[in-house]
Amino acid sequence: MTKTWFITGANRGLGLGITRAVLDAGHRVVAAARKPEQITKALSGSGYGDRLLAVRLDVTKPEEAEAAVALAKQTFGGIDVLVNNAGYGQLGWFENTSDEQIRNQFETNVFGAMHVTRAVLPLMRERRSGHVFTVSSVAGIYAVAGSSTYSASKFAVEGWMEGLADEVSPLGIAATIIEPGFFKTDFLDPSSVTYGAHDIADYAEQVRQFTEWHHNMNHKQVGDPTKLGSVLIQLNEMKQPPVRFAAGSDASGVVLKKAESIRADADRLKDLSASTDGTRETAAA
């Protein structure tokens, strides 16, 4: 069955890889980006014809999300699958990160995804079917030094999506969080990732090592964006798709480590946890 996919941040990286995979599978794609001409250029000569619609969208602007979704409905009749992929990484130590940088991170990674989803859901509710994917990160379940702000935005995405999945399930709509590990994209390029606006001497050496490690990792990541797109198609075709999916062997390893850590702490401290319970009053006979 041919479906219409709406993919944000489709001009490069994961978004472009997912777009290619979905189009190659014979589906239609509304590919959205702030510079849609980059999408057209990247996919020119691929023979996708009128199955590809490139649209302008800055996810931080609700009115642009509504306009892009309206155009998608006008062109293809609706949207079957939404992929909230647009985002960037605000890395660096918390104290080095300005208030403006933190707010910008949430505006794109959290509120941007919410704007687009809010525009798409009425179409899915009308049909009583659909699937919302939101790209989080392995940093959305496991935070480390240097990822505090980025992880905060992705933790927020995961909490929102987990609750959303429960809200829309009775309406025949699925919601899945995608937690990628390191994928071979330009995520670590200066055009995508940013670091702290300030320099605090106490953190200087840690920051230097952290930044150098990420520079050395750039374009050497193991994950393949197009293969991720193929997996999203498989997840969409499942009768009971998962609420979370760890993308990459590195990501699944981190998720398992975090799950084991949470369980170990809960088991070790369960008696102390229970000690906070109040006395239950017995109802009068």
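Coordinate-derived values only; no laboratory data. The model shown is predicted, which means the values in this text are computed figures rather than measured ones. Glycine also receives a Cβ, built like all others from the backbone with ideal geometry; neighbour counts cover every protein chain displayed.
With springs connecting C-alpha atoms under 10 Å apart, model the chain as a Gaussian network and identify which of LEU14, LEU71, LEU57 has the largest mean-square fluctuation.
Among LEU14, LEU71, LEU57, the largest mean-square fluctuation in the Gaussian network model of the chain belongs to LEU71.
Rounded if a/c is under 1.5, else prolate if a/b beats b/c, else oblate: with a ≥ b ≥ c from the C-alpha gyration tensor eigenvalues square-rooted, which is the chain?
oblate
Show me the ranking of peptides 235-247, 167-179 by mean Cβ neighbours inside 10 Å, starting with the highest. Walk me through the numbers before you get to the answer.
Working: 235-247: 15.1, 167-179: 18.5.
So the order, starting with the most tightly packed, is 167-179, 235-247.
Report the full-extension gain for the segment LYS257 to ASN216: residue separation times 0.36 nm, less the Cα-Cα distance, to one decimal in nm.
Values: separation 41, 0.36 × 41 = 14.76 nm, distance 2.49 nm.
Between LYS257 and ASN216, full extension yields 12.3 nm more.
In nm, to one decimal, how far is the modelled label at ARG51 from the one at GLU237, with both set 7 Å along Cα→Cβ?
Taking the two extended label points, one gets 1.4 nm.
Stretch ASP202-LEU269 to full length: gain in nm at 0.36 nm per residue minus the Cα-Cα span?
Numbers: separation 67, 0.36 × 67 = 24.12 nm, distance 3.39 nm.
Result for the pair: 20.7 nm of gain on full extension.
Would you list the membrane-span-like helices of the chain, meaning whole DSSP H runs whose alpha-carbon atoms span at least 15 Å along their axis and whose mean Kyte-Doolittle value is at least 0.0?
13-24, 113-127, 225-237
In a shell of Cβ-Cβ distance under 10 Å around VAL22, excluding VAL22 itself, what net charge do Lys and Arg (+1) and Asp and Glu (-1) give?
Numbers: positive: LYS3, ARG20, ARG28, ARG51; negative: ASP24.
Surrounding charge for VAL22 is +3.
Between GLU167 and ARG118, what is 0.36 nm times their sequence separation minus the Cα-Cα distance? Round to one decimal in nm.
16.3 nm
Provide the net charge surrounding LEU53, with neighbours chosen by a C-beta distance below 13 Å and charges set as Lys +1, Arg +1, Asp -1, Glu -1. Could you put the intermediate results ahead of the total?
Numbers: positive: ARG28, ARG51, ARG56, LYS73; negative: ASP50.
Neighbourhood net charge equals +3.
Could you name the aspartates and glutamates in cross-link range of LYS227, using Cα to Cα under 12 Å and dropping any fewer than eight places away on the same chain?
Correct list for LYS227: ASP24.
Kindly rank 19-26, 148-155, 195-202 from highest to lowest mean number of other beta carbons found within 10 Å of each residue. Intermediate values should be presented prior to the final figure.
Values: 19-26: 20.2, 148-155: 23.0, 195-202: 12.8.
Ranked from most to least packed, the peptides come out as 148-155, 19-26, 195-202.
Take the residue pairs LYS73/LYS154; LYS61/LYS257; LYS3/LYS257; LYS73/LYS239 and return only those whose Cα atoms are more than 32 Å apart.
On the way: LYS73/LYS154 29 Å; LYS61/LYS257 37 Å; LYS3/LYS257 36 Å; LYS73/LYS239 25 Å.
Correct reply: LYS61/LYS257; LYS3/LYS257.
As a check on your grasp of the helix formula, calculate [θ] at 222 nm for the chain: sum -39500 (n - 2.57) over DSSP H runs of n ≥ 4, divide by the residue count, round to the nearest 500.
On the way: 10 runs with 130 residues, N = 285.
Counting only the DSSP helices, I get -14500 deg cm²/dmol.
Rank by packing, highest mean first: peptides 107-114, 118-125, with packing defined as the count of other Cβ atoms within 10 Å averaged across residues. It would help to have the intermediate numbers written out before the result.
Working: 107-114: 20.9, 118-125: 18.9.
Put in order of decreasing packing, that is 107-114, 118-125.
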